[in-house]
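**Q** Pasting a structure here, questions to come.
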Amino acid sequence: LSSILSSDTVILWPGLPTPAPRHDEPILRLFDSANTSILNTLEFPSAAIPLGLGSRSRLPVGLQVVANHGHDHLCLAVAMFLESKGIAR
């Protein structure tokens, strides 16, 4: 992943593989955290971006902005840009 990312590149990565669970669903879904866990384990900077509610599920959906090591400022800049354009909610 580090070889794909340069000093001015980000990846938009799903936060979860599915929309958020409903209140009556089991909370422990083992592999739902894989998308965030791998980034944390490899110490890549990322920012969570809420996108609103899914069109069918009406449950929260979002994505992550991921940058290369040492480029935390790039994640935050992209997150702020998405927020300023009304994409992040």
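**Q** List, please: which pairs have Cβ atoms under 9 Å, are six or more places apart or on different chains, and start with a residue in the stretch 1-24 that is open to solvent by 50 Å² or more (accessible area, probe 1.4 Å) and end with one that is aromatic (Phe, Trp, Tyr)?
**A** Here the result reads Leu1/Phe44; Ser2/Phe44; Pro17/Phe31, each pair linking the stretch 1-24 to a residue that is aromatic (Phe, Trp, Tyr).
**Q** How about the stretch 25-49: which of its residues are modelled with pLDDT of 90 or more and part of a loop (DSSP other than H, G, I, E, B)?
**A** Leu42, Glu43, Phe44, Pro45, listed by residue number.
**Q** Yes or no: the stretch 43-53 includes at least one residue that is touching a residue at least 12 places away in the same chain (Cβ under 8 Å), open to solvent by 40 Å² or more (accessible area, probe 1.4 Å) and touching a His at 6+ places or on another chain (Cβ under 9 Å).
**A** Checked the stretch 43-53: at least one residue is touching a residue at least 12 places away in the same chain (Cβ under 8 Å), open to solvent by 40 Å² or more (accessible area, probe 1.4 Å) and touching a His at 6+ places or on another chain (Cβ under 9 Å).
**Q** What is the residue count in the stretch 50-88 for residues that are part of a loop (DSSP other than H, G, I, E, B) and either aromatic (Phe, Trp, Tyr) or within 19 Å of Thr36 (Cβ to Cβ) (or both)?
**A** 7
**Q** Same structure, new question: For the condition in contact with a strand residue (DSSP E or B) (Cβ under 8 Å, 6 or more places away or on another chain), at pLDDT below 90, over 15 Å from Asp8 (Cβ atoms) and open to solvent by 50 Å² or more (accessible area, probe 1.4 Å), what is the one hit in Arg58, Arg89?
**A** Testing whether each residue is in contact with a strand residue (DSSP E or B) (Cβ under 8 Å, 6 or more places away or on another chain), at pLDDT below 90, over 15 Å from Asp8 (Cβ atoms) and open to solvent by 50 Å² or more (accessible area, probe 1.4 Å) leaves just Arg89.
The values are calculated or read from the model by the stated rules, or taken from the named source; none is laboratory data. Note that the coordinates shown come from a computational prediction; the quantities given were computed from them, not determined experimentally. Counting neighbours? That spans all protein chains shown, and the Cβs are built from the backbone with ideal geometry, glycine included. Remember, those area values only see protein heavy atoms, side chains included, never the ligands or the DNA or RNA. Shrake-Rupley method; radii C 1.70, N 1.55, O 1.52, S 1.80 Å.
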